[in-house]
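Working notes, beginning with the structure itself.
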Amino acid sequence: MAFPAPPSPRLKTQWFRHGDSRGAAQHASAAAFIVWRVGRHTLDRTRHAGFDVELGAPYFRFLREVLAFLVAVADRIAHARLDAARRVEFTGSLVHHLARVLQDSEDDLIGAAPAGEPSHADSFIDLVNELAGHYAEFDGEPGERAGTFQPGFAFLRYFGSRIEATLPPGQRRWAQDQMIAVQAPEAVEMLQRSLADLLDPPKRAPRRSAVSGE
């Protein structure tokens, strides 16, 4: 029996603004929610496509790779929209927010990391630090909307190779094509759209005074 594909999550992209702007760390908290939802959706879509991502450790190995990829894309978007200091603050805060959410989820589902080993949060931060330099080697292009980023083929191929290693040997042959052609572009598009609205929300027209000055 065929099951319908998981629907795209409805992401909140309009955020209440207090004052003239929000700090990069506050933006990162909202962005972490977006990245987490997109990452989970990508995992669900991959499982629906027939790839065996088992609950437990394999599930989180896959999810960590997807989140690290999305962080790399989000950092490029931040580079296009924020100054250098705010970009560093945004990306660092984004990673730490995601690490906390990931640790809570892993602790609940598979238990805390063994004594003497890094926590699930620390392991994720280490992974992002390791892969940041790798993804930085790959180019991309500006998206159709100003201030967006479209990963190039090598960027996506590297992501696909990382995903391959998380899957059973018999399914690795098709994993990279699936990531490059389907899952990664869909995830990037969702992330682009949401972060564009978050980092550069549409300006509201000034309210007209109810009292005439005439």
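Read the figures in this text as sums done on the coordinates, not as results from a lab. Since we're looking at a predicted model, the values are computed, not measured. FYI the Cβ positions are ideal-geometry reconstructions off the backbone, even for glycines, and counts take in every protein chain you see.
Please report V101, V188 as a ranked list, fewest other C-beta atoms within 10 angstrom at the top and most at the bottom.
V101, V188
So if I take the alpha carbon set of region 24-198, get Rg, then get Rh from the Kirkwood formula, what is the Rg over Rh ratio?
Rg/Rh for region 24-198 comes to 0.95.
For a quick check: sort E164, E106 by the number of other beta carbons within 10 angstrom, fewest at the front.
E164, E106
Could you size up the charge dipole of region 128-198 around its Cα centre, putting +1 on the beta carbon of Lys and Arg and -1 on that of Asp and Glu, and report it in debye to the nearest 20?
Dipole size: approximately 240 debye.
Which residues' amide hydrogens lie under 5 Å from the amide hydrogen of Q150, considering only partners 5 or more residues apart or on another chain, with H built in the peptide plane?
E141, G143
Can you list, largest first and rounded to whole Å, the semi-axes you get for region 36-120 by taking the square root of 5 times each eigenvalue of its Cα gyration tensor?
Working from the Cα gyration tensor, I get semi-axes of 26, 18, 8 Å.
So how strong a dipole does region 24-198 carry about its Cα centre when Lys and Arg Cβ are +1 and Asp and Glu Cβ are -1, to the nearest 20 debye?
340 debye
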